[in-house]
Amino acid sequence: MLFINGIVPVQKLDRYILRQLTLIFVFFLFVFTLIFWINRAVGLFDRLISDGHSSSILFEVALLSLPSTTTTVFPLSCFATVIFVTNRLKNDSELTVLQSAGLSPWRINKPYFIFGLVGMLILGVFTTFVVPTSAKILHEKQKELDSSVSARLLQEGKFIHPFKGVTFYIKEIESDGTLLNVFLHDRRNKDEFLTYTATRAFLAKDENKTFLYMENGLIQTVGKLSSMLSTIEFKSISIDLSDALTKKESNTTHLSHVPTWLLIKNKNEVAKATKASKGSILLELHNRLHRPMFCFVAAILGFSVLLMGNYNRFGFGKQIALAISIIVVIKITESYSTKLSLQNFLLWPLIYFPSLIGTMSAILFLNISASKYRLKNRVKS
């Protein structure tokens, strides 16, 4: 037991609470990240698997998408951790013992303050450095995967849809890359549907173009209006797949991929590369700086709200509901302040307004708890 005869070394108290916060935080972060990450990754994995990419590619893409997911759930994990640990400390009468030993609410708040501050700094590293870098690498990787012809077409014994309006099938692929018994159905032309079948085929690249060469086969054409079928035999034919396989990519850089130091140092260069307005650049920068602050707010707000109320055998139900309600109000305020900042970039200080509301609320609740604590001590004396 931590408490012996009601005497608790202050440094040991801080280490004890911080250890509890850290362990529970790691658990919540893992669980929430796993839930959110799976939800986001399912759609992406389905597309990658259907395109025939290997498990190593899936692992690499999953790893690159992880920082963004972690950033999303980090403040939520901080808040859930503080609620859980504080509720447990109160349930075990440890908070009551601390206050009886002469520690004020402000002093008990110290490890929570440190926890929130460290969480804010860690998340700050993610939002300003890790996430923009991983997002840029992931974008480049997806472009590379989209342009991979072999992964999208060369799948043996399976009907695939490599691009809209086209169905492709290969019965067998020989070791030298020759495709046997190939079927290709093209519905991209609204006036007529084309079906190609060939005993042999192979893919070839000519400069920046990709061709499917087919030998000894048939072309069947069906008119949409006449519904008449015409058949043409061929010994060899080539089909240009370049336009269908190549997605049109903009030369502009996505604002979320720009390094934070460049957003600060050279806004004109960023505006030229991203085609973004000055207001959008300013908003992106301050959003990266503001998001970590919510960790600090979540930590001190969760503790201060729970400490303010009286504990009963049903726990902190009302206080937890109040804390969640305040967090919801802060998030709604954040949404509106972001919209206003987008409409007028001169209003960018409003981005920090939600965190200011949370911090002031925590100070207010701690002052209320401190007043109750002083009043109780006066009555005892």
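The values are calculated or read from the model by the stated rules, or taken from the named source; none is laboratory data. On a predicted model such as this, the values are computed, not experimentally measured, just so you know. Every residue, glycine as well, gets a Cβ built from its backbone with ideal geometry; the counts of neighbours run over all protein chains shown.
One residue stands out among those in segment 123-133 that are under 14 Å from the mean Cα position of the chain (by Cα) and buried (at least 19 other Cβ atoms within 10 Å of the Cβ): the one that is nearest to PHE25 (Cα to Cα), which is LEU123. Exactly one residue out of VAL222, VAL270 is at pLDDT 80 or above and either in the same structural domain as ALA201 (by TED's automatic domain parsing) or not hydrophobic (A, V, I, L, M, F, W, C) (or both): that is VAL222. Among the residues of segment 109-122, is there at least one that is over 21 Å from the mean Cα position of the chain (by Cα), at pLDDT below 85 and among the aromatic types (Phe, Trp, Tyr)? Within segment 109-122 (the criterion being over 21 Å from the mean Cα position of the chain (by Cα), at pLDDT below 85 and among the aromatic types (Phe, Trp, Tyr)), the answer is no, since none of the residues qualifies. Here is a list: PHE296, PHE303, PHE353, PHE316. Which entry is in the same structural domain as SER371 (by TED's automatic domain parsing) and either over 21 Å from GLY119 (Cβ atoms) or modelled with pLDDT under 85 (or both)? Answer to the selection: PHE316. Considering segment 89-106, the residues that are in contact with a Phe, Trp or Tyr (Cβ under 7 Å, 6 or more places away or on another chain) and either among the charged types (D, E, K, R) or within 21 Å of ILE363 (Cβ to Cβ) (or both) include one that is modelled with the lowest pLDDT, namely GLN99. Within segment 27-70, the only residue that satisfies the criterion of being at pLDDT below 65, outside any loop (DSSP other than H, G, I, E, B) and acidic (Asp, Glu) is ASP46.
In segment 356-381, of all residues being assigned to a helix (DSSP H, G or I), at pLDDT below 85 and of a type in the set (Ser, Thr, Tyr), the one that is nearest to LEU98 (Cα to Cα) corresponds to TYR373.
Across segment 123-139, the qualifying residues are those that are at pLDDT 90 or above and of a type in the set (A, V, I, L, M, F, W, C), and the one among them that is nearest to PRO292 (Cα to Cα) is LEU123.
The residue list THR333, THR338 contains one member that is at pLDDT below 85, within 22 Å of the chain's Cα centre (by Cα) and assigned by TED's automatic domain parsing to the domain that holds GLY302, which is THR338.
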